[in-house]
1. Considering only residues that are open to solvent by less than 10 Å² (accessible area, probe 1.4 Å) and in contact with a Lys or Arg (Cβ under 6 Å, 6 or more places away or on another chain), look in segment B:296-329 and name the one that is farthest from residue B:157 (Cα to Cα).
2. Within segment B:213-290, considering only strands (runs of 3 or more DSSP E) that don't extend past its boundaries, which have at least 1 residues that are touching a Lys or Arg at 6+ places or on another chain (Cβ under 7 Å), touching a residue at least 12 places away in the same chain (Cβ under 8 Å) and among the basic types (Lys, Arg)?
3. Examine segment A:38-50 for a residue that is within 15 Å of the ligand (Cβ to nearest atom) and either part of a helix (DSSP H, G or I) or open to solvent by 10 Å² or more (accessible area, probe 1.4 Å) (or both), and state whether such a residue exists.
4. Looking at A:159, A:120 in this structure, which one is of a type in the set (Asp, Glu), open to solvent by 10 Å² or more (accessible area, probe 1.4 Å) and either within 14 Å of chain B (Cβ to nearest Cβ) or not in a strand (DSSP E or B) (or both)?
5. Looking at (1) under 26 Å from residue A:147 (Cβ atoms); (2) under 16 Å from the mean Cα position of the chain (by Cα); (3) more than 16 Å from the ligand (Cβ to nearest atom); (4) open to solvent by 10 Å² or more (accessible area, probe 1.4 Å), find the lone condition where residue A:166 falls short.
6. If residue A:75 meets every condition in (1) among the aliphatic types (A, V, I, L, M); (2) within 15 Å of the ligand (Cβ to nearest atom); (3) closer than 20 Å to residue B:196 by Cα; (4) not in a loop (DSSP other than H, G, I, E, B) apart from one, which number is that one?
7. Only one of (1) closer than 21 Å to residue A:41 by Cα; (2) at the interface with chain B (Cβ under 9 Å from one of its Cβ atoms); (3) open to solvent by 10 Å² or more (accessible area, probe 1.4 Å) fails for residue A:69. Which number is that?
8. What number of residues in segment A:204-244 are buried (at least 17 other Cβ atoms within 10 Å of the Cβ) and in a loop (DSSP other than H, G, I, E, B)?
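The values are calculated or read from the model by the stated rules, or taken from the named source; none is laboratory data. Note that the coordinates shown come from a computational prediction; the quantities given were computed from them, not determined experimentally. Cβ coordinates were reconstructed from backbone atoms using ideal geometry, including for glycine residues, and neighbour counts include every protein chain displayed. In case anyone asks, the SASA skips ligands and DNA or RNA and just uses the protein heavy atoms, side chains included. Shrake-Rupley method; radii C 1.70, N 1.55, O 1.52, S 1.80 Å.
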Amino acid sequence: MATLVTPENIVYKRPVGLTDTVTTYCPGCTHGIAHRLVAEVLEEMNVLDRTIGIAPVGCSVFAYNFIDCDFLEAAHGRAPAMATGVKRVLPDRIVFTYQGDGDMASIGMGEIVHAAARGENITVIFINNAIYGMTGGQMAPTTLPGMKTTSSPSGRDVEAQGYPIRMAEMLSTLDGAGYIVRRSLHDPANIRKAKKAIRTAFEVQKHALGFSMVELLSTCSTGWGLTPVESLTWLEEHMIPAFPLGDYKISEPVAALKI
Amino acid sequence: MARELLKGNEAIAEAAIRAGLDAYYGYPITPQNEILEWMSKRMPELGRAFVQAEAELGAINMVYGAACTGARVMTSSSSPGISLMQEGLSYIAGTEVPMVLVNVMRGGPGLGNIAPSQGDYNQICKGGGHGDYHPIVLAPANIQEAVDMMPLAFDLAEKYLNICCVLLDGSIGQMMEPAELPEMQPYPRPFNQPWAVNGAIGRERRILTSIYLDPPEEEITNLRLLKRWEQIQKNEIRYKEYYLEDAEYVVIGFGTAGRIALSAVRAARAKGIKVGLFRPISLSPYPYKRIEELCAKTQAFLVTEMNAGQMLEDVRLAVRGRVPIRFYGRLGGVMPLPDEILDEIEQMVKHPPKAEDDPAAIWLHRMLETVK
Ligand SMILES: Cc1ncc(C[n+]2csc(CCOP(=O)(O)OP(=O)(O)O)c2C)c(N)n1
């Protein structure tokens, strides 16, 4: 009997850029999808061997166990500063940070804003899941008004706890930013768009066109207390209205970029 | 090379550049601004990396990133800024990568003032950041010594994969003195250490991290750091001795306090008092053994610092009650005058302290009476 698994029949496999390691993410978490997209893009651009990733503090603290390139592990929120330090001494390398919303939009707000303002030639993959996954589901700077978390048990009260921060919009006001977009990982069509954006972001860096960031709306089934499928629906119904998808900054040179 | 009249901070900056500095990241704070300013002009001029960071948090984490690539990297700051850097310093120690920190102390605590102080001895020598680690700390007493320390600091940091701090105060940073700068090292200095994270071209990929989730693995990491620290303690003790051959009394002071004490010791010698000076240069590792040896022929020690007796505790650890100690400190940015230390030497001779005395407590009560 002929086997079905022949090279001609393979339509889906682990990209070279992902290690052969089972991830530590919960079932339904979209960190894994984001990792895969980054890995595919780095492989397609043929830059895995000259890329340095910077992992954050958060659920993706061990991103380096899964994405197969040189990696550093930053202090909580400081990845953009660390990336700056690396990129300035190794300008011909591809340097990216991979950060959650607590890491980037809360404790690391200073580092990200100034890296963008300086127009650092780095790429930032920003995972917005509206919650602190790693520490057990506390309120994040991106938690939606009324959303229940372990530190906003009766729902985020904007009078006492303030409003969610829209990072893509905020960073897009900075002249150093070359490419700032928001995408979502809740269905295949959006995942394809996300991949295209990640590719563009890394191309922006390759062509030294300034700071690039792709914000990815992501799920956290465990933190949200929903099933994986419910989480995808919840993302679409609640997160997208609060964090509209779109291109927030495409500088002129980036717009002229042919990929 | 000829001796020139140089400002401390600028001389330190230029010496680092000549030692092959690849990157400087910093944030303005008095009294060390001239280092950052010098770097902002010279580093781009030479095609090397310079960033004025958004804060010391950013600066130290930029240093962390560059250190992981194997580049020669440094930052400089002063007390409040060094406090802010402690997180990064702990991560750098935990990742076992080399860096140089120039720490120009000022009066504290809090915002304090910009006057010279030695109030951050404990902070830098005893850790400051979380976890079990030891930076190497070198304390110059003049500009030439500071200049000579810069290449040494990089060499030590790289040899032991350790933080190396050059610890001074605003007076050395701000004063001008004749000094000779080192020769410019050939540049670029290729860096491709076997641990460096710089892109996996033609090799297996590498990861640098300070997270060891498995406690036994973290314990092994801690032991590895301590093993290296043991080597540092064995090999890298530095100090300078003055008039100790026939000394019956020994003054101990580091950096500026040691330098002022030297004038006092000379004045006391002129009055016939057999006194010498022991000036620790490596504060971490500390020259415990040498002080222990000095106990054999010393009648009493006078420890003098620009703080409330932080190094005094290390001296007491070395002396272990064998010889009485007197302490004299000035605080908060006030510098001791040579006459004050001379007076302290004379008092020590006239009214010998007792071995069971608590020198810091006695000093404090004297201070509370005289400084009102
Ligand atoms: C200085 C510091 N403060 C707090 C923490 C604890 N901590 C670890 S992860 C985390 C939140 C991470 O959330 P997020 O960035 O949203 O990423 P996620 O886990 O959701 O992917 C916090 C607060 C820490 N490690 N360091």
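1. If we take residues in segment B:296-329 being open to solvent by less than 10 Å² (accessible area, probe 1.4 Å) and in contact with a Lys or Arg (Cβ under 6 Å, 6 or more places away or on another chain), then B:302 is farthest from residue B:157 (Cα to Cα).
2. Values: elements: B:239-242, B:249-252, B:275-280, B:282-284.
Filter on segment B:213-290 gives B:239-242, B:275-280.
3. Step one: filter segment A:38-50 for residues within 15 Å of the ligand (Cβ to nearest atom), giving A:38.
Among the residues that remain, those that are also either part of a helix (DSSP H, G or I) or open to solvent by 10 Å² or more (accessible area, probe 1.4 Å) (or both) are: A:38.
Yes, segment A:38-50 contains at least one residue that is within 15 Å of the ligand (Cβ to nearest atom) and either part of a helix (DSSP H, G or I) or open to solvent by 10 Å² or more (accessible area, probe 1.4 Å) (or both).
4. Values: A:120 fails: open to solvent by 10 Å² or more (accessible area, probe 1.4 Å).
Checking each option against the conditions leaves just A:159.
5. Exception for residue A:166: condition (3).
6. Only one criterion in (1) among the aliphatic types (A, V, I, L, M); (2) within 15 Å of the ligand (Cβ to nearest atom); (3) closer than 20 Å to residue B:196 by Cα; (4) not in a loop (DSSP other than H, G, I, E, B) is unmet by residue A:75, namely (4).
7. For residue A:69, the failing item is (3).
8. 7
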